Each structure stands twice: as structure tokens, then as C-alpha cells.
Amino acid sequence: MGVEVGDAIPNVEIRVLGDDGRPTPVNTGDILGSGKVVLFAVPGAFTPGCSNLHLPTYTEGAADLAGAGVDLVACVAVNDVWVMGAWSEAYGAQEIQMLSDGNGEFTAAMGLTMDGSGAGMGSRSKRYAAVIEDGVITHLAVEEGSIDVSTCSAVLGAIS
């Protein structure tokens, strides 16, 4: 059973890339728990749909999200912290906080794990977008195959 609108964001230790280039542990409750946050999840950094469509909607729409009162835009994937950092750099996504859920613990706590073993990817995150206000999920859109309901424009439509 996954999280639903009205639930608190799970508080799980994940990693971010520190200024010194080392993995830095953070708790999702701390990083996602205050203000208005847009969190989007992808099955994998550098994968075609994530890199060519999903992430660019957020890099191009970051200013619009800020204008709608969003304090933080974050992306989470079941990838290691260095992959997330390289992905951010390669796609000009420095305004997006990249979150490494390398062990899939946050994804499991969200109830949004996907079995990607058929594609040789193992356990990954489903593609989704959430709006979190002061630690409470106020909007959650999980994709069922395409990339529609979790794009930046879809999230903007939900919070406008």
C-alpha cells in the first residue's frame, strides 16, 4: 500500500552529493518537510524517457514553479549519488535538488517501487510527481505507462 494525499512524507535517510563531492546523508523529512515542495521520481537517471522528456519539463519550468510559490523542486531515483550528480550536470539541472535513493528505501516507504528486472534495471521507482506542503502530500500523480501526469506542466496545473 502506497502513500496517499493527506499522508506525511516518509522520513528515510537518503543521500545528496555534498559540495566536497562526497555522499552526504539527509533525511527526507528534513529536506522535503517544510515549505512547498515538488518532488518528482524517475525510474533511472540517463534513461531515454527520463532524460529526454521528464527532467527537461522541470529544468524548463523551474521558474514557473517558483512563481507558483514552490520553495524546492527535487528529483529522486534509485541511483547512486554520483550518477544523480552527473545527470544534473549533463542536463543543466542545477536548480533541482537531486536525491539519491540508492537502496530504494524511500521508494519502498512511498509504496512506489517498480520491478524493472525485465529491462535489467532491478527494483526502481515508479514515475510520479508529488506536491508536499509542510511535510504533507497534497497532490500525487503516478504514471501508468506514459509521461503525462507527472510533468512540470501537469503539476503546475494541479497547484494553480
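The values are calculated or read from the model by the stated rules, or taken from the named source; none is laboratory data. Bear in mind that the values here come from a model prediction, so they are computed numbers and not experimental data. Virtual Cβ from ideal backbone geometry, glycine too; neighbours counted across all protein chains shown.
Quick one: in the range 25-52, which of the residues that are of a type in the set (Val, Ile, Thr) and closer than 16 Å to LEU72 by Cβ is nearest to the chain's Cα centre (by Cα)? The extreme case among them is VAL38. Restricting attention to the range 107-128, does a residue exist that is of a type in the set (D, E, K, R), within 25 Å of ASN27 (Cα to Cα), surrounded by fewer than 17 Cβ atoms within 10 Å (Cβ to Cβ) and modelled with pLDDT of 95 or more? For the range 107-128, residues of a type in the set (D, E, K, R), within 25 Å of ASN27 (Cα to Cα), surrounded by fewer than 17 Cβ atoms within 10 Å (Cβ to Cβ) and modelled with pLDDT of 95 or more: absent.
Restricting the range 113-160 to residues that are free of Cβ contacts under 8 Å to residues at least 24 places away in the same chain and charged (D, E, K, R) leaves a set whose member that is farthest from PHE40 (Cα to Cα) is ASP115. Here the helices (runs of 4 or more DSSP H) wholly within the range 38-148 that include at least 1 residues being in contact with a helix residue (DSSP H, G or I) (Cβ under 7 Å, 6 or more places away or on another chain) and within 21 Å of VAL16 (Cβ to Cβ) are 55-67, 105-110. Taking the listed residues VAL70, VAL16, VAL42, the one that is touching a Lys or Arg at 6+ places or on another chain (Cβ under 8 Å), modelled with pLDDT of 95 or more, over 20 Å from VAL136 (Cβ atoms) and among the hydrophobic types (A, V, I, L, M, F, W, C) is VAL42, with no other qualifying. The residues in the range 146-157 that are under 17 Å from the mean Cα position of the chain (by Cα), surrounded by fewer than 15 Cβ atoms within 10 Å (Cβ to Cβ) and small (Gly, Ala, Ser) can be counted, and the count is 2.
Taking (1) farther than 26 Å from SER146 by Cβ; (2) touching a residue at least 40 places away in the same chain (Cβ under 8 Å); (3) exposed (fewer than 15 other Cβ atoms within 10 Å of the Cβ) in turn, VAL12 satisfies each apart from (3). Starting from the range 83-112, take each residue that is under 20 Å from ALA129 (Cβ atoms) and of a type in the set (S, T, N, Q) and list its partners that are assigned to a loop (DSSP other than H, G, I, E, B) and modelled with pLDDT of 95 or more, counting only C-beta distances under 7 angstrom and pairs at least six apart or across chains. Final answer for the pair search is SER88/ILE96; SER100/ASN79; SER100/ASP80; THR107/VAL78; THR107/ASP101. Is it the case that the range 57-64 has a residue that's in contact with a strand residue (DSSP E or B) (Cβ under 7 Å, 6 or more places away or on another chain) and surrounded by fewer than 17 Cβ atoms within 10 Å (Cβ to Cβ)? For the range 57-64, residues in contact with a strand residue (DSSP E or B) (Cβ under 7 Å, 6 or more places away or on another chain) and surrounded by fewer than 17 Cβ atoms within 10 Å (Cβ to Cβ): absent.
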